[in-house]
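Right, one structure below, let's go through it.
The values are calculated or read from the model by the stated rules, or taken from the named source; none is laboratory data. Values in this document were obtained by computation on a predicted structure and should not be read as measured data. All Cβ positions, glycine included, derive from the backbone under ideal geometry; neighbour counts span all protein chains shown. Each accessible area value is taken on the protein alone, full model and side chains, heavy atoms only, with ligands, DNA and RNA left out. Shrake-Rupley method; radii C 1.70, N 1.55, O 1.52, S 1.80 Å.
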Amino acid sequence: MNPLKTVLVWFRNDLRVADNEALFKALKQCKSEQKVLLPMYLFNSFETTEPFPYSLSGLSSCGPRRAKFITETVVALSKSLSSKILVNVVPFDLNDNCKELQEFTMKIIEKYQVTDIYLNEEICEFEKQVEKSISKVCKEKDIKLHLTWSSTLIHKKDLPYKDIKNDFPKVYSAFKKKIEKSQTWEEDKEDIVKDCYEIVSKELDEFLINKIENNEILGDIETNGITTFLQSKLFPHKTIEEIEEETKYDNRSSFNWIGGEDKALERLNSYIDSNSFETYVDTRNGNIGSEYSTKLSPYLATGAISPRQIYHKIKENKTNDNEKSAQSMYQELLWRDFFRFLANKMGRSFFFEKQLQPNKKLDYEWIIPTNPSNDNLFQSWCQGKTGYPFVDACMRELNHTGFLNNRGRMVVASFLVKDMHLDWRLGAEYFERNLLDNDPHSNYGNWAWAAGIGCDFRPRYFNPIKQGIDHDKEAKFIKRWVREVNKVTTEKNVIHCPSKLLTDEQKENLKLPSYYCNAVVDVNLPSSFKSHKREKKENSKSNSSTTRKKRK
């Protein structure tokens with residue numbers, strides 16, 4: 001083995017050893033050319049301290065809770081690599097073409113005599129600009145850059161499209177129909193979903209670099225803890241106490257997510273091997289409990305587990321009894337692929353105001369507040385104080401846990417866009433900062449869908465009162481998160497819209513806060529309430545200075 005020659009594998013959103021094409025191919029080269037393997041992960045301090053270019057909300061794109069989860073995942077990866085991974089903090093500042101990132105990369109190449117860099121390719125604009133910066137350095141230093149692929153269920157090379165930019169469809173049904181011609185649950189037939197890359201731990205240990213100099217960041221995390229690391233390196237504008245408050249575990253949470261490949265596999269195995277797998281198709285939009293859904297999305301977002309690992313586990317355990325659930329979980333993975341390849345097709349326009357429907361005429365103009373951080377309307381949504389208990393419960397769960405089920409996401413998105421008339425990208429940016437499972441493809445794809453300018457050309461509206469009644473009839477979820485309304489009766493569904501269905505005297509006796517006396521915007525009661533005789537004079541009132549028209 002030539003200790004002077006090194007192959008660098010650069011981890012990003014692929015924080016696992018198993019089924020990692022970049023790691024697999026880098027190790028293969030080390031074996032054939034007798035070179036050493038240097039794994040590396042860089043925390044991006046720019047995304048935790050500054051709003052991204054084109055941001056509407058002014059929010060940074062990664063908050064403390066998600067940063068903590070990522071850090072836990074990096075620490076777990078380090079253990080899998082016998083602590084032989086270079087970890088550092090560098091700002092990926094797009095405003096200066098990632099200058100500091102380029103300078104850091106040059107230093108690493110020179111210091112470790114790097115001949116090749118392996119990188120699992122990403123799709124969205126920011127990640128592509130980072131890749132261009134790395135490519136520029138590689139060209140200057142005569143280093144070979146290998147872009148591999150590990151983020152989707154269907155490998156990019158196996159897609160039934162010759163040209164993704166021109167041939168990939170803009171609607172999911174067309175994509176699904178094309179893929180299903182080549183997908184099979186039968187073990188003895190060729191499947192469009194390929195097998196996972198298998199990496200032998202003994203071989204990996206043999207070729208890992210022996211010593212990494214000045215690896216203080218990893219040592220700092222291991223010695224002083226994650227919270228101290230977050231405050232000193234990623235959130236210097238926050239105090240330790242603020243970070244602890246924003247990242248602490250809330251016992252109302254449906255699941256206690258801890259980052260890491262081992263935790264991801266543990267959850268996958270326990271869920272598929274339990275009775276919960278069989279009932280997934282019926283329970284996946286549940287609100288309370290750890291078993292109503294897989295809870296794997298945060299692990300997919302960090303790359304602690306691959307979609308192929310999940311798919312093959314489903315395939316191995318599929319039976320007649322759980323067939324519908326297996327198919328439903330597979331469809332969720334396929335939707336995830338669809339948004340990724342759609343983002344690849346559209347490039348920067350994936351983040352534009354009207355995304356897939358640039359010529360669509362809106363019924364009203366979406367509002368972008370001058371200062372979103374001080375805008376009463378937007379902040380009422382962010383804080384879960386809109387006056388609609390189901391919306392508020394959903395937003396508070398998001399804020400306190402970093403998670404929200406799929407139904408809840410659709411409801412709060414519809415409310416922001418269709419009832420508040422705010423620009424959908426404000427909501428997407430807020431989700432991006434706070435969701436543990438954020439990835440830009442699914443996040444922006446789903447928000448555009450909810451706004452009616454994405455991959456579904458049909459109008460969509462989720463009445464927040466009706467949604468609460470349909471999915472939380474007894475208000476158990478609402479009472480879990482919105483304690484202000486715990487004494488409001490559930491009879492005649494009053495708790496789902498106290499501002500309209502309680503008298504002023506009842507509101508006063510219950511000591512309800514102002515937003516449950518007069519909701520921030522007016523939403524029509526569902527048709528099931530038409531016979532309700534109580535009409536409130538305050539129906540047209542709003543805490544917002546902007547008048548909003550009713551939504552049907």
Between helix 99-112 and the chain: long-axis angle, C-alpha atoms, 0 to 90°, nearest 10: 30 degrees
Where does each of 280, 461 land when they are ordered by accessible area, with a 1.4 Å probe and the largest first? 461, 280
Cα-based reach from residue 176 at 15 Å (exclusive), listing aspartates and glutamates while leaving out same-chain residues under 8 positions away: 158, 167, 191, 332, 337, 456
Long-range alpha-carbon pairs in region 309-362, meaning those over 19 Å apart, account in percent for 49 percent
So, for the Cα atoms of region 219-372, Rg and Dmax in Å stand at 20.3, 57
Tell me, what is the Rg over Rh of region 79-206, with Rh the Kirkwood radius over Cα pairs? 1.05
Within-11-Å neighbourhood charge of residue 298 [Cβ basis; K, R +1; D, E -1]: +2
Sequence of 112, 249 when ordered by accessible area, the most exposed leading, probe 1.4 angstrom: 249, 112
Checking rank on 154-164, 445-455, with mean other Cβ inside 10 Å and highest first, the result is 445-455, 154-164
So how much accessible area does residue 527 have, in Å² to the nearest 10, using a 1.4 Å probe? 90 Å²
Tell me which GluC sites (Glu not before Pro) from region 198-237 have a DSSP coil assignment and no more than 15 other beta carbons within 10 Å of their own. 198, 213
Given points 7 Å out from each Cα along the Cα-Cβ axis, report the residue 128 to residue 470 separation in nanometres with one decimal. 3.6 nm
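Leaving out ligands, DNA and RNA, and with a 1.4 Å probe, what % of the accessible surface on region 1-104 is carbon or sulfur? Write out the running numbers ahead of the final one.
Values: 1750 of 3580 Å².
About 49 percent, which is the carbon plus sulfur part of the accessible surface.
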Quick one: how many Å² of residue 255 are accessible to a 1.4 Å probe, rounded to 10? 40 Å²
Which value in Å does the Kirkwood hydrodynamic radius of region 151-293 take, with 1/r averaged over all unlike C-alpha pairs and then inverted? 20.8 Å
Of 128/170; 170/360; 99/141; 5/141; 263/345, pairs whose Cα-Cα distance is over 24 Å: 263/345
Region 25-53 and region 415-447 have their Cα centres apart by a whole-number Å value of 29 Å
Taking 0.36 nm per residue of sequence separation and subtracting the Cα-Cα distance, how much length would be gained by fully extending the chain between residue 527 and residue 158, in nm to one decimal? 128.0 nm
Cα-based Rg/(2.2 N^0.38 Å) for region 298-435, rounded to two decimals, is 1.25
Rounded to two decimals, what is Rg over Rh for region 404-462 when you use alpha-carbon atoms and the Kirkwood radius? 0.92
Residues with beta-carbon under 14 Å from that of residue 102, excluding residue 102: net charge, scoring Lys, Arg +1 and Asp, Glu -1? -1
Relative to the longest principal axis of the C-alpha atoms of the chain, give the angle of the C-alpha long axis of helix 125-141, reported between 0 and 90° and rounded to the nearest 10°. 20 degrees
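Can you tell me what percent of all Cα-Cα pairs in region 1-84 are more than 16 Å apart?
61 percent
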With axes computed from alpha carbons, what is the tilt in degrees of helix 440-451 against the longest principal axis of the chain, rounded to the nearest 10 within 0 to 90? 20 degrees
